[in-house]
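Please read the structure below before turning to the comments.
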Amino acid sequence: MLRIHFTGNDLAGVRTAARPDVLWETILSFHRLRDRRGPVVFGDWRSETRMRLGGETRLLAALVPSRGYFPDFLTPAEGVHGLDEGLEAIRATDSGRLRGELSLLAAHRSGGRTVPHSLRALADGGAEPFDRLVGALRSYHRAAVEPYWPHIRARVEADRARRGRALLDGGAEELLASLPPMLRWRAPVLEADYPVDRDVHLDGRGLLLQPSYFCRGTPVVLRDPALPPVLVYPVTHGEAPTVRAPGGSSLAKLVGQTRSAVLHAIGDGGTTSELARRAGVSLASASQHAGVLREAGLIATLRHGNAVLHTLTPLGAALLGGAQRTVDLRCYARNGTVTS
């Protein structure tokens, strides 16, 4: 079990990442590639990704075992700013930290009896091993993550909107209580199902919540307690990682395909640009359809600086709920069970 211990200052310092972290998604997707769980969400993605991959997985497999510890230096905080920034941060890893984390990784691999040559070369330092690592990460990201990035970003933004509403409704404690079921807020401790028994003391540093598309089952934290605390946790999955409009539904027939997609995209709230990305339409189209939905009383819009935030009204939520209920009943008629 994982236990994260909060003080009053830590609660004041809880925050949600502004966007998905490209390196966390890259590394965690490599875990998903090698397991068979979650076939509904990840099955097609695995098949498509494997067809695009080459030999880059050999080096990554040495650094990222299918389970257990992988080095913290692979997921620097700069990954939230983009792939180039994250890879430069990896390249700038201090040599002492690099050797320490690779030694720890070696100790976890078969009791330290076998250490791949690629790990020994990386630990010895030099530009060439880092060039190979950065090249492998970039190539793997291009095959496994980049084609699906708009959908990954949309799911993370939807989760962030949900946490933001919880924070506005009840503060940091309500935010922590709103996290997925494998995380349990029992003040002043956040507990989670975890492969090993571990306590993390924040000691006034606060906590960054990082929603992740490719995180599954259990959250992830950095092993080094001296690093800025971050908790990576799974988003709620609605579909496979491709952008699809919710076609064929009764709601789409009522309000139109694109407008239905925009209404679905609002979820727990979002800006116009977020709606455009989630629905797979242009910014101008999202703005136009949001205006029509607002005039119909289905959404409310609040301006904040140069941005506007759209949220569902009770009528809009009821309309979406009715459409989802229709889909569920059709699933029941086909399968004999109502799907969630």
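The values are calculated or read from the model by the stated rules, or taken from the named source; none is laboratory data. The structure displayed is predicted, hence computed values, not measured ones. Cβ sites come from the backbone with ideal geometry, for glycine too, and all protein chains shown count toward neighbours. Areas reflect the complete protein model, heavy atoms only, side chains present, ligands, DNA and RNA absent. Shrake-Rupley method; radii C 1.70, N 1.55, O 1.52, S 1.80 Å.
What ranking, highest mean first, results for peptides 72-79, 308-315, 51-58, 95-102 when packing means the other Cβ atoms within 10 Å averaged over each residue?
Put in order of decreasing packing, that is 72-79, 308-315, 95-102, 51-58.
Taking K and R as +1 and D and E as -1, what net charge do the other residues with C-beta under 10 Å from the C-beta of P147 add up to?
Overall, the nearby charge balance is 0.
Give the peptides 21-31, 211-221, 83-93 in descending order of average Cβ contacts within 10 Å, highest first.
For the peptides 21-31, 211-221, 83-93, the packing ranking is 21-31, 211-221, 83-93.
Please compute the per residue accessible area over region 29-176 with all protein chains in place, 1.4 Å probe, rounded to a whole number of Å².
With the other protein chains kept in place, region 29-176 gives 49 Å² per residue.
Computing the accessible area with a 1.4 Å probe over protein heavy atoms, can you report the carbon and sulfur percentage for region 1-54?
That fraction is 53 percent.
R0 = 30 Å: FRET efficiency of H237 with H201, Cβ-based, nearest 0.05?
0.40
How much length would be gained if the chain were fully extended between Y194 and D124, taking 0.36 nm per residue of separation minus their Cα-Cα distance, in nm to one decimal?
Stretched fully, the Y194-D124 segment lengthens by 21.9 nm.
I'd like to compare 186-194, 35-43, 146-154: which one has the highest average count of other Cβ atoms within 10 Å, and what's the full order after that?
Descending packing order for the listed peptides: 146-154, 186-194, 35-43.
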